[in-house]
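Before any comments, here is the structure.
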Amino acid sequence: MNENINKSALFNGSCFALITTAFTFAIRAGILPQLGQEFGLSAEQLGFINSMWFLGFPISMIIGGLVYHSFGPANIMRVAFVAHTLGIILTIYAGGYTTLLISTLFIGFGNGCTEAACNPMIADMYSGVKMNKMLNRFHMWFPGGILLGALISKLMTDMGGFMADWQTQMWVLMIPTVIYAVLFFGKTFPKPIVEGVTSLTNNLKAMFSPVFIFLFVCMSLTAISEFGPNQWVVFILGSSGADPMLIMALTFGVMALGRFFAGPVVERLGQTGVLLFGAILTTIGIYMFSTVTGPMAYLAAFIFGIGICYFWPVMIGATAQRVPLSGAIGMSVIGGVGMFANSIFNPITGRWIDSAREANVATGLQGDALELAIGQDTLEKMLLFPIILIVLFTIFYFWQKNSKSTEAVPTAH
């Protein structure tokens, strides 16, 4: 009986696990230049290190989705704790490029376990409007955690001394990691509430439906549009006249606030309307990043934050609502493809930065002017992804306009 479980402890543990994921994103983005300088790494090599974060994520998400009902969410979260701890410690004591690749892969693996366990677990703990509300509240802590992580990284860097060292900043990641382990310890986890969802055959059949395949393609583009500019914010916007970590903090602060109030927005515009407007605003935001400097970059961050705000939870929600029999594995695959797309895209971004540097150096640019030109050239290339999404989500809007979403059928308790 799911009514007898400690929902508060499980939900709070899920939130701290997602805060850990967010901290690994924000703080690693903040220390990226330090890692490059200390180990003599090119932007492309840093891209491959970043890609391990995104590669480990989908691997563990998909495996976790496949074994969710047999291995169980409690055990998946135990694996997450071990992976997070190993990844953090291996990063702190890294000896070079190879160690950083391995440590980041472990961190990504732990992050994917968190999504694989917590998304279906929350969906099983609540139902109806409450379920949608709590899923959005859960996903609020990814941008919320990135906001906190970005501010913590900036504060520690500004303090100087050992606090500015990247190793010290990495130790901060252990705080939410230990908290979620304590909250989950000894707790009973919920049982599935959707009839037939535990059948892998039913899951796979549902995943070959046209709607699921369409969402699969779109998720890769929404994830690149969301994570691409943010993971490289220090490199791309470091010479724009605006503080890159404040840009990240503002972007994810807007996202956290938007997700907290997601219910009325999604109810008003619908899932397809939210996705379409998000793609339009994301395009405007990235375009502004590629053209403006100084305080206007903060306005660009605000628009960009609103644009990407609902991409991840609404794509997961659309999967759960429109293809409910895809189950835990369906949600994991949709999330996993987004992270896998970023694992491929990060080295490409690194090459774009290296190529832009060579091209702009050849024109005689130096100093901040050079770095600004490199960032703007790279952002112009990133515009392609949300532009494609505008087309796809316009199609999806009219396709689904007269379609009623399939409702999940709960089992008896």
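Every residue, every condition in (1) farther than 30 Å from residue 320 by Cα; (2) touching a residue at least 40 places away in the same chain (Cβ under 8 Å), yes or no:
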{"site": "83", "(1), (2)": "no, no"}
{"site": "96", "(1), (2)": "yes, yes"}
{"site": "100", "(1), (2)": "yes, yes"}
{"site": "117", "(1), (2)": "no, yes"}
{"site": "124", "(1), (2)": "no, yes"}
{"site": "136", "(1), (2)": "no, yes"}
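Considering only residues that are buried (at least 23 other Cβ atoms within 10 Å of the Cβ) and among the hydrophobic types (A, V, I, L, M, F, W, C), look in segment 275-296 and name the one that is farthest from the chain's Cα centre (by Cα).
For segment 275-296, the residue satisfying everything is 289.
Answer yes or no as to whether residue 322 is among the basic types (Lys, Arg), at pLDDT 85 or above and under 23 Å from residue 56 (Cα atoms).
no
Filter segment 298-323 down to residues that are crowded, with 24+ Cβ neighbours inside 10 Å and among the charged types (D, E, K, R), then give me how many there are.
Final tally of qualifying residues: 0.
Could you count how many residues in segment 16-42 are open to solvent by 10 Å² or more (accessible area, probe 1.4 Å) and among the hydrophobic types (A, V, I, L, M, F, W, C)?
Matching residues across segment 16-42 total 5.
Tally the residues that are over 20 Å from residue 10 (Cβ atoms), modelled with pLDDT of 95 or more and open to solvent by less than 70 Å² (accessible area, probe 1.4 Å), restricting the search to segment 59-86.
Keep residues of segment 59-86 that are over 20 Å from residue 10 (Cβ atoms), which gives 59, 62-63, 66, 85-86.
From the residues that got through so far, the ones that are modelled with pLDDT of 95 or more too are 85-86.
Going one step further and asking which of them are open to solvent by less than 70 Å² (accessible area, probe 1.4 Å), we end up with 85.
Number satisfying all stated conditions: 1.
Find the helices (runs of 4 or more DSSP H) located wholly in segment 96-198 whose residues include 1 or more that are hydrophobic (A, V, I, L, M, F, W, C), open to solvent by 60 Å² or more (accessible area, probe 1.4 Å) and in contact with a Ser or Thr (Cβ under 9 Å, 6 or more places away or on another chain), and list them.
The qualifying helices (runs of 4 or more DSSP H) are 97-125, 128-159, 174-184.
Can you confirm whether segment 336-347 contains a residue that is within 16 Å of the chain's Cα centre (by Cα) and of a type in the set (Phe, Trp, Tyr)? Lay out the reasoning, then the answer.
So the first thing to find is which residues in segment 336-347 are within 16 Å of the chain's Cα centre (by Cα), and the list is 336-346.
Imposing the further condition that a residue be of a type in the set (Phe, Trp, Tyr) reduces the set to 340, 345.
Within segment 336-347, one or more residues are within 16 Å of the chain's Cα centre (by Cα) and of a type in the set (Phe, Trp, Tyr).
The values are calculated or read from the model by the stated rules, or taken from the named source; none is laboratory data. Computed from a predicted model, the values in this text were never measured in an experiment. Reconstructed Cβ throughout: ideal geometry from the backbone, glycine too, with neighbour counts over all protein chains shown. Surface accessibility is based on the protein's heavy atoms, side chains included, excluding ligands, DNA and RNA. Shrake-Rupley method; radii C 1.70, N 1.55, O 1.52, S 1.80 Å.
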